[in-house]
Amino acid sequence: MSDVAIELKGISKSFGSVQANKNVDLKIYKGTIHGVVGENGAGKSTLMSILYGFYEADSGEIYVDGKETAIHNSTDAIRAGIGMVHQHFMLVENFTVLENIILGAESGMMLSHSIAKAKSEVKKLEQNYGLYIDLNARIDTIPVGQQQRVETIKALYRGAKVLILDEPTGVLTPQEAEQLFDILRALKKQGTTIVIITHKLREIMNLTDNVSVMRNGEIVANLKTSQTSKEELAELMVGRSIRMEIDKSPAKPGEILLEVKKLGLTDAHGVRRLDNLNFNVRAGEIVGVAGVSGNGQGELLEVLAGMRTCTEGEVKISSVAITPSLATNPKKIREAGIAHVPEDRLKRGLIPQFSASESSILGYHNSPAYNGMILTKTGAIRRHCVDIMERFDVRPQNPDIKSANFSGGNQQKLILAREMDRSPKVLLVGQPTRGVDIGAIEFIHKQIVAMRDEGSAVLLVSGELDELLSLSNRIIVMFDGKIVGEVDAKDADEKSLGLMMTNSHEGASV
Amino acid sequence: MDLSLNDLLSILSATIRLSTPLIFAAMAGIFSERSGVVDISLEGKLLAGAFAAASVAAVTGSAWLGLGAAILTGMALSLVHGFASITHKGDQVVSGVAINIIVSGLTVVLGIAWFHRAGQTPTLPSSARFMSIKLPGADAISQVPFLGEIYTKLISGHNLLVYLAFVCVGLTYWILFKTRFGLRLRAVGENPKAVDTAGISVDFLRYRAILIGGILTGIGGTYISIAQNASFTRDMSAGQGYIALAAMIFGKWKPTPAMLSCFLFGFLEALSMRLQGVVVPFLGEVPVQLIQAGPYILTVVLLAGFVGRAIAPKADGVPYIKER
């Protein structure tokens, strides 16, 4: 027996020409919570997927409990006592919680026996770690926080001694995240070793014992959490110093450019998506919209961007009026000087199969600048693309690469560049930094503030409370299609927003 | 037209006989598609099974050997489908259509080469076929009014494979919903990644599922050529594989509803046989062609969404490609 639960020695892995892991050495001590941080694409997930047998390393060794262990597939990993809570849950959506738990860990040919056994085992897990769950609920009917709990139970049910969590809090509210941390601490107390992958430094600081920082596929530092700081970690992750706070002058709000009155939306199934919304955004200010995803923020953006017709109320946005009878469309909206950075950049922001230059004119593709009598002006489009790539630091600076082949951050910069290029009067932004790494986040934030300073009215929908708090002047909080609060960003903090987002003052508990 | 109990019973009895191959093929489809492999080659496998059964029965004089040959043929074609679409991640529809085309041509070519009868196989004597069997007590209670008639005319008097079809439906339900294999099979059709990360081989599971499909279509093909008929004729499956596919979708990939929709198609066909030449009030004599088109029209209507959205297994038709 040794006190090292997992040791990786010289792990390397490449995908085609991309080296995802370079000669990685890592020691994870028993009964600790070990954080692995790094930017997107730093190789954290690849490394953990190797440990869980989802990928096979090109070279290197894995030692479990001091013994060299070959892990070719998930079966080997499970046998070695390694469990994983994946970022995208590995659950069968139309199965019950119980069916998902026993899948692959059944005890015998017939299900009835497995079910009886699983019920009593899960009861023990519930009592030991506070992992409460309704075993008969179907996965697609329970919230993501609960789904994640099912993933955790699945791993423990298979006898995991080492639990790997890949970006576990990305989909959780602050309160749900806190509950998860309590569970992880309880697991640690009973001897489980935990590895948590995240890019949220605050979580690292308040949860872990040790932390390893990855950059460009390598481990650049192994530190004791108690002996480091957020700033030091951020610097190590990016390789240069990063400002955690955004430098911005006080806003100078002007005339009202976006006014929403009694806005309502009932969808085709009769569900109220938006309910009596009233707010406005002035020139030169940023208004943030907070909320757990799926509480109407997406629909609000869709209505304002002309993609969806509201069923009640009215909107005045720049020179355009939107009412239920006065349907509009994205083309009219764009022509009125309103720019929209959609929440889902791969579905709505650009066309993954198109080249960067083609994606760089989407929505403005009818402009005479890009069109001759019959043919498009390819040269002009490419020049435009190179120009905005340069100004918005999109890398690689090549207009002919497929949009899909840029990293998330660079795709987002390309979209922002396209939308900001025309100095819009109103800028609608959804999730500007989702899946974007720290270096790019800093740049994107600066650009949004710059738009504000140029006199645009900015509506910012985001799931990142840090981002809303540091960028916005005011924050409105949505819950269940309604605005449940509006606060000045100066007076708000994560906790108060989190409570409003879950409407917890009404006693809702998840 | 007047319908006596006798007429009704004979239509229903024909319904059961005509539904049988559909039921085998629909259950095969359920196994295959629940595991995430679209199986449009049901048609080809039925036809190949029919040919194999008729040929082997003609040569050996044994219906059972015919059945065995048909099952092996069905499984072999499933392996071809699997090799293309599971091992090599090819397009499942293309692979299925290819099998259908090959079988349609190959059965005729081999038939001509082996039996020299323009693609037909020799007419089989009763001893080399599955003949109808009388259930115990059928004679004894045939005189009991109503119930006796139902027993003798509707329930008794089919061949063994008809009864086997019913057993298959129950067995399919039991395997899918009560066993470990069934749980994994349903999971792999919904989210193969979840199955993979649970330490189970996606490919091996899918191969087993389509092999079961091969067995069932083999039995269905046997029924068509050496139970329902006495020889193989060219393209004798006549789209029943596709109709079974439609019945499976209409039955929402569940065994019992799929069986019931097979009955619906079987009933329509039985009715169309019965209605030929019959004068319908106000309409006159219904054209034979229209009546015969009935099941196919129903297929289109049902699939066009008159039945509410049918939700397929999520990973149905998507090859599972694991990054390496």
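The values are calculated or read from the model by the stated rules, or taken from the named source; none is laboratory data. This structure is a prediction, so every number in the text was calculated from the model and none was measured. Please note: Cβ atoms are built from the backbone with ideal geometry, for glycine as well, and neighbour counts cover all protein chains shown. What goes into the accessible areas is simple: the full protein's heavy atoms, side chains included, and nothing from ligands, DNA or RNA. Shrake-Rupley method; radii C 1.70, N 1.55, O 1.52, S 1.80 Å.
Within the span defined as segment B:15-38, one or more residues are of a type outside the set (A, V, I, L, M, F, W, C) and surrounded by fewer than 24 Cβ atoms within 10 Å (Cβ to Cβ).
If you check A:R422, A:R452, which single one turns out to be open to solvent by 50 Å² or more (accessible area, probe 1.4 Å) and in contact (Cβ under 8 Å) with a residue 40 or more places away in the chain? Steps first, answer last, please.
Values: A:R452 fails: open to solvent by 50 Å² or more (accessible area, probe 1.4 Å).
From the options A:R422, A:R452, the qualifying one is A:R422.
Apart from one condition, A:S59 fits all of (1) of a type in the set (S, T, Y); (2) more than 26 Å from the chain's Cα centre (by Cα); (3) within 14 Å of chain B (Cβ to nearest Cβ); the exception is (3).
Residues that are in contact (Cβ under 8 Å) with a residue 12 or more places away in the chain and surrounded by fewer than 15 Cβ atoms within 10 Å (Cβ to Cβ) do occur in segment B:139-149, at least one of them.
Given the structure, is A:V292 in a loop (DSSP other than H, G, I, E, B), buried (at least 19 other Cβ atoms within 10 Å of the Cβ) and hydrophobic (A, V, I, L, M, F, W, C)? Taking the combined requirement at face value, the residue satisfies it. Under the condition of being outside any helix (DSSP H, G or I), modelled with pLDDT under 90 and either β-branched (V, I, T) or under 23 Å from the mean Cα position of the chain (by Cα) (or both), the residues counted in segment A:482-508 number 4. Return yes or no: is A:D466 open to solvent by 40 Å² or more (accessible area, probe 1.4 Å), at pLDDT below 90 and more than 18 Å from the chain's Cα centre (by Cα)? Against the criterion (open to solvent by 40 Å² or more (accessible area, probe 1.4 Å), at pLDDT below 90 and more than 18 Å from the chain's Cα centre (by Cα)), A:D466 does not qualify.
Among residues of segment A:236-258 that are more than 20 Å from A:V287 (Cβ to Cβ) and at pLDDT 65 or above, those with a Cβ under 8 angstrom from a residue that is part of a loop (DSSP other than H, G, I, E, B) and of a type in the set (A, V, I, L, M), sequence gap 6+ or separate chain, pair up as A:M237/A:A42. In this structure, B:V188 does not qualify as within 14 Å of chain A (Cβ to nearest Cβ) and in contact with a Phe, Trp or Tyr (Cβ under 7 Å, 6 or more places away or on another chain).
Can you tell me which residue within segment A:401-419, out of those that are aliphatic (A, V, I, L, M) and open to solvent by 10 Å² or more (accessible area, probe 1.4 Å), is modelled with the highest pLDDT? Spell out the reasoning first.
Within segment A:401-419, the subset aliphatic (A, V, I, L, M) is A:401, A:404, A:414-417.
When the remaining residues are screened for being open to solvent by 10 Å² or more (accessible area, probe 1.4 Å), the result is A:401, A:404.
Working: A:I401: 88, A:A404: 84.
Among those residues, the one meeting the criterion is A:I401.
Taking segment B:85-130 as the range and being assigned to a loop (DSSP other than H, G, I, E, B), open to solvent by 60 Å² or more (accessible area, probe 1.4 Å) and touching a helix residue (DSSP H, G or I) at 6+ places or on another chain (Cβ under 8 Å) as the test, the residues that pass are B:D91, B:R117, B:A118, B:Q120.
Residues checked against (1) in contact with a Lys or Arg (Cβ under 8 Å, 6 or more places away or on another chain); (2) surrounded by fewer than 17 Cβ atoms within 10 Å (Cβ to Cβ):
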site	(1), (2)
A:D437	no, no
A:K446	no, yes
A:L460	no, no
A:I476	no, no
A:A489	yes, no
A:T502	no, no
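Filtering segment A:348-370 to residues that are in contact with a Lys or Arg (Cβ under 6 Å, 6 or more places away or on another chain), over 19 Å from A:Q397 (Cβ atoms) and touching a residue at least 40 places away in the same chain (Cβ under 8 Å) leaves only A:G363. Yes or no: segment A:38-46 includes at least one residue that is modelled with pLDDT of 90 or more and either in a strand (DSSP E or B) or within 28 Å of the chain's Cα centre (by Cα) (or both). Within segment A:38-46, none of the residues are modelled with pLDDT of 90 or more and either in a strand (DSSP E or B) or within 28 Å of the chain's Cα centre (by Cα) (or both).
The residue that is nearest to the chain's Cα centre (by Cα), among those in segment A:433-448 that are modelled with pLDDT of 90 or more and of a type outside the set (V, I, T), is A:H445.
The selection criterion, being of a type in the set (G, A, S), open to solvent by less than 50 Å² (accessible area, probe 1.4 Å) and under 17 Å from A:V260 (Cα atoms), does not hold for A:G284. Of the helices (runs of 4 or more DSSP H) lying entirely inside segment A:69-152, the ones with 3 or more residues being closer than 26 Å to A:A177 by Cβ are found at A:97-102, A:111-129.
Every residue, every condition in (1) surrounded by fewer than 19 Cβ atoms within 10 Å (Cβ to Cβ); (2) part of a strand (DSSP E or B); (3) touching a residue at least 12 places away in the same chain (Cβ under 8 Å), yes or no:
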position: A:E299; (1), (2), (3): no, no, yes
position: A:E302; (1), (2), (3): no, no, no
position: A:C310; (1), (2), (3): no, no, yes
position: A:K316; (1), (2), (3): yes, yes, yes
position: A:A327; (1), (2), (3): yes, no, yes
position: A:R334; (1), (2), (3): no, no, yes
position: A:A339; (1), (2), (3): no, yes, yes
position: A:L346; (1), (2), (3): yes, no, yes
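Just one of the numbered conditions (1) surrounded by fewer than 19 Cβ atoms within 10 Å (Cβ to Cβ); (2) of a type in the set (A, V, I, L, M); (3) within 14 Å of chain A (Cβ to nearest Cβ) is not true of B:L160: (3).
Within segment A:81-112, the set of residues being open to solvent by less than 30 Å² (accessible area, probe 1.4 Å), aliphatic (A, V, I, L, M) and either more than 8 Å from every other protein chain (Cβ to nearest Cβ) or over 25 Å from the mean Cα position of the chain (by Cα) (or both) comprises A:I82, A:V85, A:V97, A:L98, A:I101, A:I102, A:L103, A:A105, A:L111. Here A:D65 meets the list (1) over 18 Å from A:A5 (Cα atoms); (2) more than 32 Å from the chain's Cα centre (by Cα) almost entirely, failing just condition (1). Residues considered: A:A77, A:A116. Of these, the only one that is more than 7 Å from chain B (Cβ to nearest Cβ) and either under 30 Å from A:I6 (Cα atoms) or crowded, with 18+ Cβ neighbours inside 10 Å (or both) is A:A77. Identify, please: which residue in segment B:35-79 is over 19 Å from the mean Cα position of the chain (by Cα) and hydrophobic (A, V, I, L, M, F, W, C) and is, among those, nearest to B:S95 (Cα to Cα)? Here the residue is B:V56.
Quick check on B:L171: is it within 28 Å of B:G61 (Cβ to Cβ), open to solvent by 20 Å² or more (accessible area, probe 1.4 Å) and under 20 Å from the mean Cα position of the chain (by Cα)? No: the conditions fail for B:L171.
Do we find that A:K27 is under 21 Å from A:N210 (Cα atoms), open to solvent by 20 Å² or more (accessible area, probe 1.4 Å) and modelled with pLDDT of 90 or more in this structure?
Numbers: under 21 Å from A:N210 (Cα atoms): yes; open to solvent by 20 Å² or more (accessible area, probe 1.4 Å): yes; modelled with pLDDT of 90 or more: yes.
So A:K27 passes the test.
Among the helices (runs of 4 or more DSSP H) confined to segment A:167-244, the ones with at least 1 residues that are farther than 21 Å from A:G439 by Cα are located at A:174-189, A:201-207. Exactly one residue out of A:I388, A:I374 is of a type outside the set (S, T, Y), without any contact (Cβ under 8 Å) to a residue 40 or more places away in the chain, farther than 27 Å from A:I197 by Cα and not in a helix (DSSP H, G or I), and it is A:I374. Of the residues making up segment A:119-144, those that are of a type outside the set (A, V, I, L, M) and within 14 Å of chain B (Cβ to nearest Cβ) number 2.
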